[in-house]
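Some notes on the structure that comes next.
Read the figures in this text as sums done on the coordinates, not as results from a lab. These numbers were taken from a predicted model, which means no experiment stands behind them. Don't worry about glycine lacking a Cβ; one is built from the backbone with ideal geometry, like all the others, and counts go over all protein chains shown.
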Amino acid sequence: MKCISYVRFALLDRIADNTNRLLIDGHRTASASGGTFQTLNPATGEVLATVAEAGVADIDAAVRSSRAAFEGAWSHMRASERGALLLKLADLIRRDEDELVRLESLDSGKPVSAIRRQDLPAVLDTLTYYAGMADKISGQVIPARPDALTYTVREPLGVVGAIIPWNFPLMIGMWKIAPALACGCTVVLKPAEVTPLTALKIGELALEAGLPAGVLNVVPGFGKVAGQALVDHPDVDKVTFTGSPVVGRQILQGAAGNLKRVTLELGGKSANIISSDADIDAAVKAAGSGIFFNTGQVCSAGSRILAHESVYDEVVERLAARAKSTRIGDPLDASTAMGPVVSEVQMQRVLNYIDIGRNEGASIVTGGARRGDAGYFVEPTVFAGVRHEMRISQEEIFGPVAAVIPFKDDEDAIRIANGTVYSLAAGVWTGDIARAHRFTKKLKAGTVWVNTYGPTDIRLPWGGSRDSGFGREHGDAAIDNFTEPKAVWINTGR
Ligand code: NAP
Ligand code: MG
């Protein structure tokens, strides 16, 4: 086993020596233009690494490489061998867990404790789940006519462009890579410009695991250039995207060129409803982590806490107490619960929303400001007196800002919960099973949690509708995303 100091040394060395090049066709290459960009450590605001910047020519090279791998080595392999390679990749991720955890933390500001507890186990679970599925993807014999044998086979779509955000770079990356590769597709992965480092490391480990060159190419760069080039590329068959609704709409337009398949996992403004008969202790605890986990940078964050008017004051008070006691600090410190937001741009966006809430007449019970002047820390903030029409109740802030909204009765709660442009997730807390069922039926959301908030599992479909996007990831749904049925007729005569 490697000792921690060696891992730390290797990591710093790797960051300092500028090796963060593109990963195309099995090689670490500079970009065609020679361009680079810097990624920062959001806990300090200091430069962490210089990274090669993929341009249009690099995306084209990556797509050509992934096409060749798709037509060649990858399609000639047994499905069980593909699965075995994914399991090998999982082994290597376990071997290099310390390095991956630190790299993800340094690049994104996520606390190491959270990455170890949540992100890394989810990455491994995703890989092993889809590794096991690789050789269980099958068609059907459908007896349509007496004069023919008619059946379907499920074929991989081809080259997949995967574009991911910065809030869960490892985990969301794997949500896309693992099922796509299990299905026999090849992938060009474009990580977010502010968190490119762990994607490159995963690409390297994939090569070490024995995945043929080109099966997984990793091309950090800017969304408007590299991301757009991937979306526009005529030889990409599918784009799987997680990010904002604004970019989601641009992706749909770009994908129209060659009618690519598209899956969009976009934002949310999820309601976490606390009924008068709820276990208030448990509800407030979960409501706190529902909005403050990952510094609120979670698509399914419970950013609107709807509390029945009879328990409203108690919920506000207890939630504020939780916010105040949150351990904010150095993400590398194992006792830190909340790190910075990911970038200065994001910090300004969150602070701006806090001003908007103040100006709209909501009251700040706790928080409401930047913490310190180094790094991009924002205090966990609780707004009370929030009305449904306010912008802080309608728009996604993507930061540690809770809007607590009172409601009169269940119908009122449903009306408020469903009253945004988003439909990703919702939570409800109640001791009444019939009421819980009424809520799950009426809430517009891809996931509804009852007496819990926030868990996801790779076996369950994940995604939303309206401005939260369309399509589902995870489970069998992901297999449908990356394959297509082919109908075969064999004329047998009567
Ligand atoms: P974003 O600005 O939409 O960026 C997401 C990715 O798209 C990044 O890699 C970005 O690259 C790239 N991109 C930007 N413009 C592009 C273009 N014109 N063509 C192709 N790609 C482009 O979102 P974000 O700010 O990173 O992430 C936050 C958003 O993601 C939030 O709205 C959040 O709710 C959503 N999200 C949703 C889920 C879900 O499962 N539903 C999960 C996590 C996050 P650059 O960063 O290099 O510009
Ligand atoms: Mg960074």
Problem - Centre separation in Å (Cα based) which lies between segment 318-391 and segment 88-139 - result: 29
Problem - Model label zone, Glu71; criterion: amide N under 16 Å from point 7 Å along Cα-to-beta-carbon; scope segment 221-258 - result: 234-237
Handout entry: Relative contact order, percent, the chain [alpha-carbon distance under 8 Å, six or more residues apart]
Key = 18
Fill in the blank from the handout: Counted neighbours (other Cβ, 10 Å), sorted fewest up, put Lys110, Lys486, Lys176 in the order Lys486, Lys176, Lys110
Exercise for the section: Just grab the label-to-label distance for Asn352 and Glu314, each label 7 Å out from Cα along the Cβ direction, in nm (one decimal). Expected result: 3.9
Fill in the blank from the handout: Under the rule rounded for a/c under 1.5, else prolate if a/b exceeds b/c, else oblate, using alpha carbon gyration tensor axes a ≥ b ≥ c, the chain is classed as oblate
Exercise for the section: Would you mind calculating the relative contact order of segment 183-341 from Cα pairs under 8 angstrom and at least 6 residues apart, reporting the percent as a whole number? Expected result: 15
Practice task
Calculate how many DSSP beta bridges within segment 2-266 are antiparallel, expressed in % of all such bridges and rounded to the nearest 5.
Solution key: 40
Handout entry: Gain on full stretching of the segment that runs from Ala334 to Ile142 - 0.36 nm per residue minus C-alpha separation
Key = 63.6 nm
Handout entry: Cα-based Lys pair tally, segment 2-266, threshold under 25 Å, eight or more apart or on separate chains
Key = 26
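Would you compute, from DSSP H runs of 4+ residues alone, the mean residue ellipticity of the chain at 222 nm, taking -39500 (n - 2.57) per run and dividing by the full residue count, rounded to the nearest 500?
-11500 deg cm²/dmol
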Completion exercise
Per its Cα gyration tensor (rounded if a/c is under 1.5, else prolate when a/b beats b/c, else oblate), segment 90-167 is best filed as prolate
Fill in the blank from the handout: At the level of C-alpha centres, the distance separating segment 442-466 and segment 157-180, in angstrom, is 19
Problem - Arg466 versus Ala434: modelled label distance in nm, points set 7 Å from Cα along the beta carbon direction - result: 2.9
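Based only on other Cβ atoms within 10 Å, what is the fewest-to-most ordering of Ser289, Ser75?
In increasing order of surrounding Cβ atoms, one gets Ser75, Ser289.
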Problem - Share antiparallel - DSSP beta bridges, the chain, percent rounded to 5 - result: 45
Handout entry: Per-residue Cβ neighbour rank within 10 angstrom, fewest leading, Phe241, Phe470
Key = Phe470, Phe241
Exercise for the section: Round to the nearest 0.05 the FRET efficiency obtained for Asp476 and Asn359 when R0 = 60 Å and r is the Cβ-Cβ distance. Expected result: 0.80
Completion exercise
Per the rule of 0.36 nm per residue minus the C-alpha distance, extending Gln38 to Leu259 adds in nm 76.2 nm
